[in-house]
Amino acid sequence: MEPRNLTGVTLDKLVAGLEAAHPDVRDRIGDAMLIAEHLDQVGDELIEHVVLTARSEGISWSEIGTRMGVSKQAAQQRLAKSAAADLPPLSPEQGFSRFTVEARNLLVAAHEAARVRREPHLTVARLAVTVGVESAADRLPMPGEEELSLVPYDDDAKAALARSFELAITAGADMVEVAHVTEAVEAGLAG
């Protein structure tokens with residue numbers, strides 16, 4: 001969308017309104033300051049709304065920062081408080097809806113790999129291989145006879161995913177990110 005294609009408030013209309021309200025240019029200054037402050041506030045509210053929507057759909061701070069043209073940390077510092085304010089506290093009962101898009105994609109990739117290989121269940125080893133721990137490949141379960149459309153998690157994989165929530169909560173995050181899943185999976189391999 002091109003900003004010049006937006007209708008409604010334009011500089012010409014604002015100037016015309018000020019000129020109509022105040023024939024003396026000196027009297028326009030205070031109102032111009034109020035209008036500018038209001039426009040800044042509306043702009044900030046627009047950005048906060050869009051970021052909150054993106055976060056609720058699992059978009060990571062890294063991607064938000066990239067799209068804003070700033071670092072992940074700068075985006076978080078500017079907007080995390082307002083984005084987190086409308087999200088309920090992070091809890092495992094919220095399931096995968098509180099995983100970032102990247103973390104959900106990781107789990108989908110693990111499921112697909114387990115399904116294609118006909119693994120009877122999704123294990124910590126499968127999750128580890130998916131996050132890049134190649135040494136876990138020798139721990140993958142033997143392929144089964146049938147291909148399952150949905151490969152169930154085994155107890156250890158469920159525990160690792162629950163641990164990823166704990167890590168995110170401890171870190172003060174409002175979403176479970178790939179780093180949380182990776183750390184939980186690596187701990188699950190060691191334990």
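Every number in this text was worked out from the coordinates using simple rules, so none of it is lab data. Computed from a predicted structure; not experimentally measured. Virtual Cβ from ideal backbone geometry, glycine too; neighbours counted across all protein chains shown.
Worth pointing out:
- At least 20 Å along the helix axis (C-alpha) and Kyte average at least 0.0, DSSP helices within the chain: 25-56, 101-116, 155-170
- Dipole-positive endmost among Val70, His121, Asn105 within the range 47-150 (Cβ charges, Cα centre): Val70
- Listed residues Leu18, Thr53, Ala162: farthest to the positive end of the dipole of the chain (Cβ charges): Ala162
- Remark: the chain is approximated by an ellipsoid whose semi-axes, taken from the C-alpha gyration tensor as √(5λ), come to 51, 16, 12 Å, largest first.
- All other residues whose Cβ lies under 10 angstrom from that of Gly144 are scored, Lys and Arg at +1 and Asp and Glu at -1, for a net of -2.
- Loop sites in the range 73-169: GluC sites (Glu not before Pro), DSSP, at most 16 other Cβ within 10 Å: Glu145, Glu146, Glu147
- Sequence-separation-based contact order of the chain, relative, with Cα cut under 8 Å and 6+ spacing, percent: 18
- Its Cα centre serving as origin, the range 3-85 has a Cβ charge dipole (Lys and Arg +1, Asp and Glu -1) of approximately 400 debye.
- Just so you know, the Cα atoms of the range 3-85 work out to an Rg and Dmax of 17.3, 52 Å.
- Rounded to the nearest 20 debye, the dipole size of the chain about its Cα centre is 180 debye, using +1 on the Cβ of Lys and Arg and -1 on the Cβ of Asp and Glu.
- Three principal axis extents describe the C-alpha atoms of the range 92-190; from largest down they are 43, 26, 21 Å.
- Computed from point charges on the beta carbon alone (+1 for Lys and Arg, -1 for Asp and Glu), the dipole magnitude for the range 92-190 about its Cα centre is near 100 Debye.
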